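Peer 1: Quick one: this structure, given as C-alpha cells, is what I'll be asking you about.
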Amino acid sequence: MSSQALINLAYLAASMLFIVAFKLMTGPRTAVRGNYLGAAGMVIAILAACCEGPVVARLTSVGSGNLVWLAIAAAIGSVIGAVMALKYPMTGMPQMVALLNGFGGAASAIVAGAELWNAASAAEVPLPAWTQFAIATAFTGLIGAVTLWGSFVAFAKLEELPRFKKAWTDPNRHWINLALAAATLLLIWGVCSHPSWILLYWLLVIVGSALGCTLTMPIGGADMPVVICLLNSYSGLAAAAAGFVIDNSVLVIAGSLVGASGLILTAIMCQAMNRSLTGVLFGGLGTTTAANADDVYAGKVKSASAEEIAMVLEGAERVVIVPGYGLAVAQAQHAVRELANALEKRGATVEYAIHPVAGRMPGHMNVLLAEADIPYEKLREMDDINPTFPETDVAIVIGANDVVNPAARTDPQSPIAGMPILDVDKAKTVVVVKRSLSPGFAGIPNPLFAADNTLMYFADGKKAILDLTAALQRG
Amino acid sequence: MPSPLLPVLLADAVLPEDPATRFIRLLTVFLLAMWVGFEVITKVPQRLHTPLTSGSNAISGITAVGAIVVAGAMATRLGTLLGLLAVVLAMINVVGGFVVTHRMLEMFNPKKK
C-alpha cells in the first residue's frame with residue numbers, strides 16, 4: 001500500500017474520531033470522553049501530516065531539520081495554549097474561547113497565504129485563473145481574517161476594555177461596511193482571476209480584517225453569545241476552505257463539522273432572543289417606542305434592606321435563583337452557593353433558572369455555577385422551570401434584567417416583545433439584586449421592578465448576597 | 001495474503017484526477033460532513049453549550065495539518081516561515097481548546113472533587 005494511502009486512512013480515522021467526539025459531547029456523562037477522542041483524532045491527524053509526501057521528501061535533503069523546526073513551533077504553540085487554558089480564570093471563559101478561536105482563523109489564512117506564495121514562486125508562468133486553488137485561497141484568506149479580528153474585538157468587549165465597552169453606533173457604519181464589502185468582492189475577483197498577484201491576497205486579508213472589526217464592534221454585550229457562536233462557525237469554515245486549498249479531506253471534514261455546529265448554536269441563540277440573525281449582525285435593537293422609565297417606576301419601586309429580605313426568605317419553602325451576567329461580573333457565584341446552603345439548612349428547596357442567553361456565551365451561567373460546586377441537577381432550563389414559578393415563594397434575580405422583563409410578554413410595542421423570558425413575576429415574592437434602576441442591554445425599563453410583589457435590593461451582587469446570607473443566619 | 005484486487009484499487013487511486021472531479025469529490029465530503037454536523041449537534045442540551053463551543057473550537061485547529069504540510073515542505077523561505085507561524089497559532093488553538101474544554105467538563109463532574 002502506498003504511504004499516501006496510509007496517510008489518507010489515518011485522516012479518515014481522525015475524521016471518524018471527530019464525529020464520535022461531537023456525538024459524545026451531546027451528553028453530560030460522555031462529554032469528557034468525547035473531548036479525549038477529539039484530542040486523539042487531532043494527534044493522529046497531526047502525526048499523519050508529518051508523514052505527508054512534501055514533508056518526508058525534504059527529510060533526505062535537510063536531514064531531519066524540517067521536523068525539528070516543526071516540533072519547535074508545535075511545542076511553542078502547545079505551551080502557550082496550555083498555559084493560557086490553565087491560568088485563565090474560569091469566569092473569563094467567554095473571552096478565552098474567543099481568543100483561541102481567533103488564532104485558529106489566523107492560522108488558516110496564513111496557511112493559504114504560504115501555499116499561494118510557494119505555488120507562485122514555483123510556477124514559471126502565472127498561476128491559472130479561477131481554479132479550485134485560487135478560489136479556495138481567496139475564501140480562506142477572507143474568512144480567516146474576519147475570524148481573527150472579529151474574535152479580537154469580541155475578546156476586547158468581553159474583557160471590558162474601556163475603548164470597546166460601548167457598542168459602536170456611528171450612523172455611517174452601514175456605509176463603511178458597504179464600502180468594505182464592495183472592496184472584498186472586488187479583491188476576491190482579483191485573487192481568483194490573477195492568483196499570481198500575491199499582493200491582492202494580502203490586501204484581501206487586510207480588508208477582511210477591517211470587516212471583522214466593523215462587523216463585531218456595533219454588537220452589544222448581550223448579543224455576545226450569538227457572536228461567539230458565529231465566529232466559531234467561521235473558524236471552522238476557514239479550516240474547511242483551507243482544506244480545499246491543499247486538497248485535504250480531514251480539514252474539510254473537521255472544518256465543516258465545526259462550521260455546522262457553530263451555525264446551529266447561532267440559530268438556537270437567536271431563537272432564544274426572538275431576534276433574526278441579520279438583526280443581531282446589523283441592526284442593534286429596533287427603534288420601536290419603549291415605555292418611559294419615569295412612568296413605569298414612578299413611586300412604585302420598593303427598596304428593601306437585607307434584614308427585610310431575610311425575613312421574607314425565612315418563611316420560604318421554595319426559592320428560585322435567577323442568575324444573569326451581573327452575577328458573572330460581580331463574581332458572586334460562590335456567595336450564591338453559600339446563600340443556597342443557608343436556605344437549604346432551613347428546609348427550603350433551592351433551584352436555579354437558567355435563561356438560554358443569560359451571560360456572555362452559550363451556557364455561560366451553567367459553567368459559572370458549576371465552578372461554585374452547585375449540583376448540575378439544580379440548574380433548570382427555561383421551559384422546564386417556567387411552569388413552577390406560581391408555586392415559588394421567592395425568586396431572587398441577581399444581575400439579570402432583560403431576560404426577566406414581563407414587557408416581552410405583555411407589551412407588543414416593546415423592542416423585546418415576543419422574546420421568551422423567565423416568568424419570575426409570577427412568583428409570590430421577587431427579590432431583585434441590582435446596583436441601580438439602570439436599564440439592561442435592551443435599554444428599556446423593566447415593569448418587574450415596579451411590581452407589587454417585587455422588592456428591590458440595591459447593591460453590588462456579591463456584597464448583597466453575602467449580607468443577605470449573614471442576615472439570614474442571624475435571624 | 002493480500003487480495004489480488006487491492007493493488008488494482010490502489011493503482012486506480014493514484015491515477016491523476018482531473019480538477020473538476022477532484023473539486024466535486026471535496027465538495028461531496030464538505031456537504032456530507034456539514035449534514036452530519038447538523039444532525040449530531042441539534043440534540044445538544046443547553047447546559048453543554050459552553051463546552052461544545054470550546055470543544056468544537058479546538059477541532060477547528062485542524063488547520064494545524066495544513067500548516068505542518070506547508071512548513072515541512074520548506075519550499076520557499078517565506079512560505080516556511082509563514083507555515084511555522086501558522087503551526088504555532090494552530091497549536092495554541094488546539095491545545096488551549098482541548099484543555100479549556102476539559103477544565104469546564106471537570107466542573108460538571110462532582111465525583112472528581
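Peer 1: With the crude spin-label approximation of a point 7 Å out along Cα→Cβ, what separation in nm comes out for A:Ala182 versus A:Ala293?
Peer 2: Placing both labels 7 Å along Cα→Cβ, they lie 4.0 nm apart.
Peer 1: What is the list of residues in the stretch A:339-354 whose amide nitrogen lies under 11 Å from a point 7 angstrom out from the Cα of A:Glu317, following Cα to Cβ?
Peer 2: A:348-349
Peer 1: Treating each Cα of the stretch B:46-113 as an identical point scatterer and ignoring solvent, apply the Debye formula and state log10 I(q)/I(0) at q = 0.14, 0.19, 0.24, 0.28 Å⁻¹.
Peer 2: These q points yield log10 I(q)/I(0) values of -0.51, -0.71, -0.91, -1.06.
Peer 1: Quote the convex hull volume per residue of the stretch A:339-434, based on C-alpha atoms, as a whole number of Å³.
Peer 2: Spelled out: Cα convex hull of the stretch A:339-434, divided by residues, is 110 Å³.
Peer 1: According to a simple spin-label model (label point 7 Å from Cα along Cα-to-Cβ), what is the distance in nm between A:Asp452 and A:Ala417?
Peer 2: It works out to 2.6 nm between the two label points.
Peer 1: Next up: Considering only C-alpha atoms, what is the centroid distance from the stretch A:1-53 to the stretch A:401-450, in Å?
Peer 2: Going from one Cα centre to the other spans 46 Å.
Peer 1: May I pose another question? Please report, largest first and rounded to whole Å, the three semi-axes of the ellipsoid equivalent to the stretch A:356-411, where each semi-axis is the square root of five times an eigenvalue of the C-alpha gyration tensor.
Peer 2: The three semi-axes for the stretch A:356-411 are 21, 15, 10 Å.
Peer 1: Round to the nearest 0.05 the FRET efficiency obtained for A:Cys51 and A:Ile72 when R0 = 22 Å and r is the Cβ-Cβ distance.
Peer 2: Once rounded, the FRET efficiency stands at 0.75.
Peer 1: Moving on. Looking at the stretch A:54-148, which chymotrypsin sites (Phe, Trp or Tyr not before Pro) are DSSP coil and have at most 16 other C-beta atoms within 10 Å of their C-beta?
Peer 2: Listed in order of number, the matching sites are A:Trp130.
Peer 1: Next question. What FRET efficiency, computed as 1/(1 + (r/R0)^6) with R0 = 30 Å and r the Cβ-Cβ distance, is obtained for A:Glu159 and A:Ser193, rounded to the nearest 0.05?
Peer 2: Efficiency, rounded to the nearest 0.05: 0.15.
Peer 1: Sort all Cα-Cα distances of the protein assembly as shown into consecutive 20 angstrom bins from zero, then give the percent of pairs in each bin up to the one containing the longest distance.
Peer 2: So the P(r) values, bin by bin, are 21, 48, 24, 7, 0.
Peer 1: Loop-only check: which trypsin sites (Lys or Arg not before Pro) in the stretch A:8-114 are DSSP coil with at most 11 other Cβ within 10 angstrom?
Peer 2: For trypsin sites (Lys or Arg not before Pro) across the stretch A:8-114 that sit outside H, G, I, E and B with at most 11 neighbouring Cβ atoms in 10 Å, the list reads A:Arg29.
Peer 1: Please name which of A:Ala332, A:Ser209, A:Thr26 has its Cα lying farthest along the dipole of chain A towards the positive end, using unit charges on Cβ (Lys, Arg +1; Asp, Glu -1) and the Cα centre as origin.
Peer 2: A:Ser209
Peer 1: OK, next. Please go through the stretch A:114-190 and write out the GluC sites (Glu not before Pro) that DSSP classes as loop and that have at most 16 other C-beta atoms within 10 Å.
Peer 2: Passing sites in the stretch A:114-190 are A:Glu124, A:Glu159, A:Glu160.
Peer 1: Work out the FRET efficiency for A:Leu59 and A:Arg435 from their Cβ-Cβ distance, taking R0 = 60 Å, and round it to the nearest 0.05.
Peer 2: Result of the calculation: an efficiency of 0.45.
Peer 1: Mind checking the dipole of the protein assembly as shown: about its Cα centre, +1 per Lys or Arg Cβ, -1 per Asp or Glu Cβ, Debye to the nearest 20?
Peer 2: Once rounded to the nearest 20, the dipole reads 760 debye.
Peer 1: Relative to the longest principal axis of the C-alpha atoms of chain A, give the angle of the C-alpha long axis of helix A:53-62, reported between 0 and 90° and rounded to the nearest 10°.
Peer 2: 60
Peer 1: Roughly speaking, what is the stretch gain from A:Arg33 to A:Glu391, that is 0.36 nm per residue apart minus the C-alpha to C-alpha distance, in nm to one decimal?
Peer 2: 125.0 nm
Peer 1: Of A:Lys428/A:Lys463; A:Lys157/A:Lys345; A:Lys87/A:Lys426; A:Lys345/A:Lys462; A:Lys302/A:Lys463; A:Lys300/A:Lys378, which pairs sit farther than 31 Å apart, going by alpha carbon to alpha carbon?
Peer 2: Exceeds cut-off: A:Lys157/A:Lys345; A:Lys87/A:Lys426; A:Lys300/A:Lys378.
Peer 1: Using only alpha carbon pairs under 8 Å that are at least six residues apart, calculate the relative contact order of the stretch B:46-113 and give it in whole percent.
Peer 2: Once divided by the residue count of the stretch B:46-113, the mean separation gives 41 percent.
We did not get these values from a lab; they are worked out from the coordinates using the rules stated. These figures come from a predicted structure and were not determined experimentally. Neighbour counts are summed over all protein chains in view; Cβ atoms, including those assigned to glycine, are modelled from backbone coordinates with ideal geometry.
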